[in-house]
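Shown next, in structure tokens, is the structure this report addresses.
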Amino acid sequence: MIKHVIALLLLIGLGAVFAGLMVGYTPDTVLNYTANYYAEQTASEVGAANIVTAIIVTYRGLDTLGEVTVLFLTAAIIALVLKRDRQPGFEAQHGWPPSGELLHTGSRLLVPLVLLLGVYVFVKGHLSPGGGFQGGAIVASSVLLMLLTDPLRRFSHRLIAVIESGSGLAYVGIGFIGLLLGGGFLDNRILPLGSLGDMFSAGAIPVIYSLIGLKVGAEFSSMMVNLSETEEQ
Amino acid sequence: MVYIAMLTGFILILMGLYGALTNRNILRMIVFFTLANTGTNVVLVSIGYMMGRKAPILDNAVPAAEAVARIIDPVPQALVLTAIVIGLGITALMLAYAYKLYELKRSLDISKCRELKW
Amino acid sequence: MSPLLLTMSVLLAAAMIVAGIVTIRARTISIAILASGAVSLFASVMFLLLAAPDVAMTEAAIGSGLTTFLFFFVLGRIRSGNYD
């Protein structure tokens, strides 16, 4: 009981801090200095119609590289923590009933469509809402659908690892090409900027975001496959 | 509307922290951490919102020349996008450790983990 | 500020808080996980009203979709043992 009281007291203090923040907050009416720069210069400097994408991929590209690295480390740590000696053929005799015909047919119909949607979302990330992280999550959810249909299905860890590390290497490689040909690490002006709003515009942003999408999709898939493959012994 | 969203976010943070502090089941604690995470994201996005402006995407409705007067602040949105993705990574990591702990102790109750208690 | 937008945001805020209370009061973990997924889903609609479509997509795909399934994967492994 005393624990609840202490927790409540702590939360009341925190709530007072939040209330103070809310009372003292007045919404801006004009953009602040940084946002003003992004709003003015994105169209001419980066050429991406979606300013959030321009910030994530180009202006703050190094942060995104770090973020993808953090995700990779998470997937690696999960694989390490849940690692166990897998005996082939042992798991197949689990007592689960097979999933029905309806689920199988439905997932066979839906998986390619979901994959296509994911690819569409990360290829058009510089024009419309969406991008590598959302597209990667949608690609991973198609893997999730396959896992739900057949919990005993085994995915090729080697294929996931090759996609993951290959796109990561290509991402860093494009960064270094930007250092050589453009204005700095991960500069997108190594390809022509094109006109604002076209499919092939914004320089290297579609390429970089597609690579991020593949990498994020592979990382999320590997997390889910690892969590789903840990059987009770 | 900014104030409504901000208030909701703060309430969600407080709810999440209350649940995480008063529960002893480790899986429930992780659920409440994701609740607090969502609340933080709502607060951050609501700070970037400005009345009567559009999303930061340039098209026919928002030409590049008028962008400064027509769009909202894109920086908090980029920040929150990162935060959501990392949030899933953190949740997955916590779940993996919770599962490992369960395998070791055969229980989800954290009051049974006394090795580091003094 | 149009009254429609205001009404929708008030309704969404109420739905999020109710789902949060359901998360706290839930008797089983499954209900708590589903309710917190619902909070994420309402939050993604709220992001759309706050003119942040990118964040709304991310929250709907990641926060509400994948997180919930990760929880259920782990819960399914733990089911056989004792849990409250």
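The values are calculated or read from the model by the stated rules, or taken from the named source; none is laboratory data. Nothing here was measured: the structure is a model prediction, and the numbers come from that model. Every residue, glycine as well, gets a Cβ built from its backbone with ideal geometry; the counts of neighbours run over all protein chains shown. Just the protein is used for accessible areas: all its heavy atoms, side chains included, with ligands, DNA and RNA removed. Shrake-Rupley method; radii C 1.70, N 1.55, O 1.52, S 1.80 Å.
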Check: Is there a residue being open to solvent by less than 40 Å² (accessible area, probe 1.4 Å), of a type in the set (Val, Ile, Thr) and more than 8 Å from chain C (Cβ to nearest Cβ) anywhere in the stretch A:118-138?
Finding: no
Over the stretch A:180-233, the set of residues in a loop (DSSP other than H, G, I, E, B), in contact with a Lys or Arg (Cβ under 9 Å, 6 or more places away or on another chain) and more than 14 Å from chain C (Cβ to nearest Cβ) is A:182, A:183, A:199, A:203, A:204
In the stretch A:21-30, anything assigned to a helix (DSSP H, G or I) and either open to solvent by 90 Å² or more (accessible area, probe 1.4 Å) or modelled with pLDDT of 90 or more (or both) is listed as A:21, A:23
If we keep only residues of the stretch C:11-48 that are open to solvent by 20 Å² or more (accessible area, probe 1.4 Å) and within 7 Å of chain B (Cβ to nearest Cβ), then the residue farthest from residue B:95 (Cα to Cα) is C:17
Q.
Looking at the structure I just gave you, is residue B:35 facing chain A (nearest Cβ under 8 Å), surrounded by 20 or more Cβ atoms within 10 Å (Cβ to Cβ) and without any contact (Cβ under 8 Å) to a residue 40 or more places away in the chain?
A. no
When the stretch A:33-62 is checked residue by residue, the ones that are more than 7 Å from chain B (Cβ to nearest Cβ) and of a type outside the set (Gly, Ala, Ser) are A:33, A:37, A:41, A:42, A:45, A:46, A:53, A:57, A:58, A:59, A:62
Of the conditions (1) within 11 Å of chain A (Cβ to nearest Cβ); (2) open to solvent by 40 Å² or more (accessible area, probe 1.4 Å), the single one that residue B:15 does not satisfy is (2)
Selection over the stretch A:154-173 where residues are touching a Leu at 6+ places or on another chain (Cβ under 9 Å) and at pLDDT 85 or above yields a count of 8
* Given the structure, is residue B:89 in a helix (DSSP H, G or I), open to solvent by less than 40 Å² (accessible area, probe 1.4 Å), at the interface with chain A (Cβ under 9 Å from one of its Cβ atoms) and not aliphatic (A, V, I, L, M)? -> yes
Residue under question is residue A:144, and the condition is that it be touching a helix residue (DSSP H, G or I) at 6+ places or on another chain (Cβ under 8 Å), under 22 Å from residue C:56 (Cβ atoms) and either among the aromatic types (Phe, Trp, Tyr) or modelled with pLDDT of 85 or more (or both); does it hold? yes
